[in-house]
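Take a look at the structure below.
The values are calculated or read from the model by the stated rules, or taken from the named source; none is laboratory data. Since the structure is predicted, the reported quantities are computational estimates derived from the model, not experimental observations. Here Cβ is always computed from backbone atoms with ideal geometry, including for glycine, and neighbour counts include all displayed protein chains. Only protein heavy atoms, including side chains, enter the accessible area calculation; ligands, DNA and RNA are left aside. Shrake-Rupley method; radii C 1.70, N 1.55, O 1.52, S 1.80 Å.
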Amino acid sequence: MAASSRAEVLRLYRALLRESQRFGGYNYRTYAIRRIRDAFRENKNIKDSEKIEELVNKAKVNLEVIHRQIASLSVLKMWSSSGIMTCGLQ
């Protein structure tokens, strides 16, 4: 792995962990962090540049998914605490 690829992978790893720390629920947060660490450990010895590129792209997609989930959850939490989103269930 080239130095720039290694740096990119480490940046992505840290970004995934940082974003996962933002999950409000303890179970979601610990599950996400455990899965990220396990996946990176499992793939740390891969040398094939095509496979590395594939895994990096998959991790970028997962980072975006986590980011969207956290944003959605924070909006829902804000709406529910302000009473805007009642859905007729009161």
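Figures for the structure shown
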item: Accessible surface of segment 20-61 [probe 1.4 Å, protein heavy atoms]: carbon and sulfur percent; result: 47
item: Projected label distance in nm at Arg37 and Ala15, using a 7 Å step from Cα toward the beta-carbon; result: 2.2
item: Which of Glu8, Glu42, Glu19 is most accessible, then next, and so on - probe 1.4 Å; result: Glu42, Glu8, Glu19
item: Ile46 versus Leu73: modelled label distance in nm, points set 7 Å from Cα along the beta carbon direction; result: 2.6
item: Accessible area in the full protein assembly, largest first, 1.4 Å probe, for Val9, Val61; result: Val61, Val9
item: Loop trypsin sites (Lys or Arg not before Pro), segment 1-63 (other Cβ atoms within 10 Å of the site Cβ: 10 or fewer; DSSP); result: Lys44, Lys47
